[in-house]
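Have a look at the structure below, then the notes.
The values are calculated or read from the model by the stated rules, or taken from the named source; none is laboratory data. Fair warning: this is a prediction, and the values are worked out from it, not measured in the lab. Backbone-built Cβ (ideal geometry, glycine too); neighbour counts: all protein chains shown.
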Amino acid sequence: MDLNYTPEQRAFRDEVNGFLKAELPTRLSDKVRQGKSLTKQDHEEWHAIVNQRGWLASNWPVEFGGTGWDAVQRHIFEDELTRAYAPRIVPFGLAMLGPVLQKFGSREQQDYYLPRILNGDDWWCQGYSEPGAGSDLASLRTSAVRDGDHYIVNGQKTWTTLGQHANMMFCLVRTSKEGKPQEGISFLLIDMTTPGIEVRPIVLIDGGAEVNEVFFDNVKVPLANRVGEENKGWTYAKYLLTHERTNIAGVGFANAGLANLKRIAQAEQSGGRPLIENPHFAARIARVEIDLMAMSTTNLRVISQAAAGQAPGPESSMLKIKGTVIRQEINAMARTAVGPYAMPFASEGLEEGSNLEPVGPDYAAPVTGQYLNNRKLSIYGGSNEIQRAIISKAILEL
Amino acid sequence: MNFDLTDERQMLQDGLRRLLRDSYTADAQKIIAESDTGYSPKIWDSLAEMGLIGALFTEKQGGFAGAGFDLALVHEEMGRVGAVDPLIDTAVLGGGLIAACGNDAQKALVEEVIAGTAHLALAHGEPTSRFDLSHVQTSATRNNDGYVLDGRKAVVVNAPNADHLIVSARTAGDVADRDGISLFLVPTATKGITLRSYPVVGGGLAAEVTLDQGQVDTGALLGPEGAAFDALATAHARATLAICAEALGLMEAIRDLTIDYLKTRKQFGVPIGKFQVLQHRMADVALEIEQARSAVINLAGHVDAVPQVRDVHVSATKNLIGTVARQVVEESIQMHGGIGLTAEYELGHFVKRLTMVDHRFGDTMYHLERFIALAVA
Ligand SMILES: Cc1cc2nc3c(=O)[nH]c(=O)nc-3n(C[C@H](O)[C@H](O)[C@H](O)COP(=O)(O)OP(=O)(O)OC[C@H]3O[C@@H](n4cnc5c(N)ncnc54)[C@H](O)[C@@H]3O)c2cc1C
């Protein structure tokens, strides 16, 4: 047992750090640190910089233009990026679709789409959830009916994150009503500019518009845009889910959040001294920090297993639950820390191009929005209730 | 012992509930939220007309009720519909302070408040005062014409709508002293007073108020010079009761919405309320809301007691409400899934408003510490 990174891993970390120091634009890291919304251009700019360095596809094998890194390297990379307040790498094309195409896509699909993901030619969104199909995803009803060399797609997707930026969607559709619901689902790649598609924003309670509804009215999708076999889409979707699990705990986000919280608690006064010296508040910070320290190691244990080629078990569900609870607690404490300055509704001031001076201290502006918005962490990607069901099924052998 | 409403209060509750139900439809919420004032002047007028504002004042003050239980009843009903009217600021804090400390000329404003024609705001908190009631840095310096006010007031709720502000300022003593704080009733339009206005999460407006050589005459002094602390503490105790009762109403509305949703939302072929894990969590939410109700009753029954007794209840209740509010907010969103996070669905407004309760009149932690000091240590 050795808790330290190997010399190679340390050297790698330094290399990542050097890259970030040299290449991460302060304009972008400032925005991330201040909780401001990033534009499409911001994301694209950052992707291009990382791609230039050859590191954008951190979870792809070398043959497809990826880094070929193992799970520990990927972890180090993601961790350093978060600590440096780099914009997150948008996961839809890179982390989610890429591995599916590599495993199940046709040679033509791989040759065409994978380079476009790397070069930022396509912005992908994920079309799984529907109004009636959330946790029970397999009950999805958006239909795709064959018509010559096309499918005709009808129905509705919802909660489509950043769908407003996307020109492409990977989408689960129903191609058969026979047998078990899981057995009639296909995986389609849909061009969002096809006639019959309408994207409508959903405003969330923090005032932000990050998710959308997407409506399909007789949308023609070439058969060639189906990944793998018809009615096998569920298998591909599940493969994607088990592979989007490396950063599931969000340790980097939690660390960044904790550092920010301490900064706020240093600056805020309570009873004539810094809030961080208030024993009750300090105790709350300590509890979450202690939990986070242990979780970081749980995370590394799971990552090491993955690097050794073992498939993740219920541990990834455990990490999802712990990670989200810790991050949500940090958000709640930040809200407490700013006191009455949690009250101004600041959404507008966080938009691009706003010249509004923050009402209170600059760190106060995003905290209420982040607290409310991050309730999503325990809902999406398999809610924490669903994760608990996975754990209990495994450990009780149900 | 009797936990029933008196006939008068029952009538008030019935009337108010009817009026609010008709006024606050889901759409009205939107209209109000998007209005310039952050509330609906039309609804405000109808509340005044039915005597609601008068219910917050005693007969001697020109109202007809004014006890703790009246405050609680009114604000619980307001909470149940997610009302955004600035009743706490204009009536409980503003009207309450003038009724308690004002001279006859000043008290004329209480009548206007009760009639629904005047709005007030208490400009007391400062950028670094947090919830510390005695922390006043803003200064009032005597000169030949009266007093000159200088300083900054933070998150002054309802200031943008207020015709008059009640400004706390130091006429003697150090920043955190209880003695030496004075109150001034000043027109918002006074020269030297500037407002930076903004909307508040969950509804309503507030402002950062800058006082720069604000000249007021001696007639502006509200109550005796340098001795405003007790009046401020009393007003805050009553406002805390009001906001706790409002929080209770919000919790009830959220509970009802969530129960409805658990019964109707289907996943895996069954209403999600069939899942035991959600049943138990809903049960916990429901039982904590009963705790919240009892805490509000405790405070309502003691809000007019001597300060030592009153403040134990203020802190116990505000602490408990803060803890339960967080649980109700987080559990209700979670049990709704994604829909619970949308601005359009009713729950969004209720949870935002309930979340903000912990940021006024002392938060859960502040009142935990005060309770320790008053009752434990
Ligand atoms: C901000 C945000 C972004 C999202 N982005 C995307 C996206 O880009 N693409 C996409 O396809 N989807 C996306 N989603 C959708 C997300 O995956 C769903 O919200 C999630 O699957 C939950 O579904 P639901 O919201 O319909 O809740 P429901 O499934 O209706 O759940 C409601 C409640 O019931 C509980 N529940 C459900 N079933 C069970 C059970 N069997 N046992 C116990 N409890 C249960 C849930 O845990 C929850 O508490 C996003 C969601 C959000 C909030």
Review point. Are there any pairs with C-beta distances below 8 angstrom linking a residue in segment B:262-291 that is more than 9 Å from chain A (Cβ to nearest Cβ) to a residue that is more than 11 Å from the ligand (Cβ to nearest atom) and of a type in the set (Lys, Arg), with the two at least 6 apart or on different chains, and if so which?
Key: B:Pro271/B:Lys263; B:Gly273/B:Lys263; B:Val285/B:Arg255; B:Ala286/B:Arg255; B:Ile289/B:Arg255
Check your understanding: Taking the condition more than 18 Å from the chain's Cα centre (by Cα) and either closer than 26 Å to A:Lys40 by Cβ or within 16 Å of the ligand (Cβ to nearest atom) (or both), does A:Ile248 pass?
Key -> no
Revision key, fill the gap. Of (1) more than 14 Å from every other protein chain (Cβ to nearest Cβ); (2) touching a strand residue (DSSP E or B) at 6+ places or on another chain (Cβ under 6 Å); (3) under 30 Å from B:Gly348 (Cβ atoms), A:Val288 fails just (2)
Point to revise | Search result, residues across segment B:124-151 that are touching an Asp or Glu at 6+ places or on another chain (Cβ under 6 Å) and closer than 18 Å to A:Gly272 by Cβ | key: B:Gln137
Review point. What number of residues within segment B:320-336 are over 13 Å from B:Glu288 (Cβ atoms) and surrounded by fewer than 22 Cβ atoms within 10 Å (Cβ to Cβ)?
Key: 1
Exercise for review: Test A:Gly360 against the stated conditions and say whether it is in contact with an Asp or Glu (Cβ under 9 Å, 6 or more places away or on another chain), closer than 23 Å to A:Ser37 by Cβ and within 16 Å of the ligand (Cβ to nearest atom).
Suggested key: no
Revision key, fill the gap. By residue number, the members of segment B:330-376 that are without any contact (Cβ under 8 Å) to a residue 60 or more places away in the chain and outside any helix (DSSP H, G or I) are B:Thr342, B:Ala343, B:Glu344, B:Tyr345
Check your understanding: Taking the stated definitions as given, is B:Leu195 part of a strand (DSSP E or B), farther than 29 Å from B:Thr355 by Cα, under 24 Å from the mean Cα position of the chain (by Cα) and not acidic (Asp, Glu)?
Key -> no
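One line per residue, one yes/no per condition, for (1) over 29 Å from A:Ser383 (Cβ atoms); (2) within 14 Å of chain B (Cβ to nearest Cβ); (3) of a type in the set (D, E, K, R):
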position: A:Gly98; (1), (2), (3): no, no, no
position: A:Lys103; (1), (2), (3): no, no, yes
position: A:Arg107; (1), (2), (3): yes, no, yes
position: A:Gln110; (1), (2), (3): yes, no, no
position: A:Leu114; (1), (2), (3): yes, no, no
position: A:Ile117; (1), (2), (3): no, no, no
position: A:Trp124; (1), (2), (3): no, no, no
position: A:Gly127; (1), (2), (3): no, no, no
position: A:Ser135; (1), (2), (3): no, yes, no
Study note, to complete from the structure: Counting only residues in segment A:334-364 that are under 23 Å from the mean Cα position of the chain (by Cα) and more than 10 Å from chain B (Cβ to nearest Cβ), the one modelled with the highest pLDDT is identified as A:Ala334
Practice item. Scan A:Ile290, A:Ile321 and give me the residue that is more than 30 Å from B:Glu369 (Cα to Cα), at pLDDT 95 or above and part of a helix (DSSP H, G or I). Key: A:Ile321
Revision key, fill the gap. Those residues of segment A:268-282 that are facing chain B (nearest Cβ under 10 Å) and under 34 Å from the mean Cα position of the chain (by Cα) come to a total of 4
Review point. Taking interchain pairs and intrachain pairs at least six residues apart, which have beta carbon atoms under 7 angstrom, with the first residue in segment B:195-221 and hydroxyl-bearing (Ser, Thr, Tyr) and the second assigned to a loop (DSSP other than H, G, I, E, B)?
Key: B:Tyr198/A:Phe345; B:Tyr198/A:Val359
**Study point:** Options B:Ala48, B:Ala83, B:Ala99, B:Ala108: the member that is surrounded by 23 or more Cβ atoms within 10 Å (Cβ to Cβ), of a type in the set (Gly, Ala, Ser) and in a helix (DSSP H, G or I)
**Key:** B:Ala99
Check your understanding: If we scan segment B:276-293, do we find a residue that is among the β-branched types (Val, Ile, Thr) and closer than 30 Å to B:Arg9 by Cβ?
Key -> yes
Practice item. Residue by residue through segment A:364-398, note down the ones that are within 8 Å of the ligand (Cβ to nearest atom) and either hydrophobic (A, V, I, L, M, F, W, C) or not in a helix (DSSP H, G or I) (or both). Key: A:Ile379, A:Tyr380, A:Gly381, A:Gly382, A:Ser383, A:Ile386, A:Ala389
Check your understanding: Taking B:Ala305, is it more than 11 Å from every other protein chain (Cβ to nearest Cβ) and part of a helix (DSSP H, G or I)?
Key -> no
Study note, to complete from the structure: For segment A:173-212, the count of residues that are within 13 Å of chain B (Cβ to nearest Cβ) and either of a type in the set (A, V, I, L, M) or within 25 Å of A:Ala346 (Cα to Cα) (or both) equals 13
Exercise for review: Grab the strands (runs of 3 or more DSSP E) fully contained in segment A:148-217, keeping just those with 1 or more residues being within 17 Å of A:Lys40 (Cα to Cα) and touching a strand residue (DSSP E or B) at 6+ places or on another chain (Cβ under 6 Å).
Suggested key: A:168-174, A:197-202
Practice item. Select, from B:Val113, B:Val156, the only residue that is under 24 Å from B:Val92 (Cα atoms), surrounded by 19 or more Cβ atoms within 10 Å (Cβ to Cβ) and within 11 Å of chain A (Cβ to nearest Cβ). Key: B:Val156
Revision key, fill the gap. The one condition A:Arg83 fails out of (1) closer than 21 Å to A:Met169 by Cα; (2) surrounded by fewer than 18 Cβ atoms within 10 Å (Cβ to Cβ); (3) at pLDDT below 95 is (1)
Exercise for review: Output the residues belonging to segment A:56-73 that are closer than 26 Å to A:Asp111 by Cβ and surrounded by 19 or more Cβ atoms within 10 Å (Cβ to Cβ).
Suggested key: A:Leu56, A:Ala57, A:Ser58, A:Asn59, A:Trp60, A:Gly66, A:Trp69
Check your understanding: With respect to B:Ala343, is the statement that it is small (Gly, Ala, Ser), out of contact with any Lys or Arg (no Cβ under 7 Å at 6 or more places or on another chain) and more than 7 Å from chain A (Cβ to nearest Cβ) true?
Key -> no
Revision key, fill the gap. Taking segment B:178-212 and keeping residues of a type in the set (Phe, Trp, Tyr) and within 14 Å of chain A (Cβ to nearest Cβ) leaves B:Tyr198
Check your understanding: Of (1) over 20 Å from the mean Cα position of the chain (by Cα); (2) buried (at least 24 other Cβ atoms within 10 Å of the Cβ); (3) assigned to a strand (DSSP E or B), B:Val148 satisfies all except one. Which?
Key -> (2)
Check your understanding: Quick check, is B:Asp304 surrounded by fewer than 21 Cβ atoms within 10 Å (Cβ to Cβ), under 21 Å from the mean Cα position of the chain (by Cα) and of a type in the set (Asp, Glu)?
Key -> yes
Check your understanding: For B:Gly202, all conditions in the list (1) surrounded by 23 or more Cβ atoms within 10 Å (Cβ to Cβ); (2) in contact with an Asp or Glu (Cβ under 8 Å, 6 or more places away or on another chain); (3) modelled with pLDDT under 95 hold save one; what is the number of the exception?
Key -> (2)
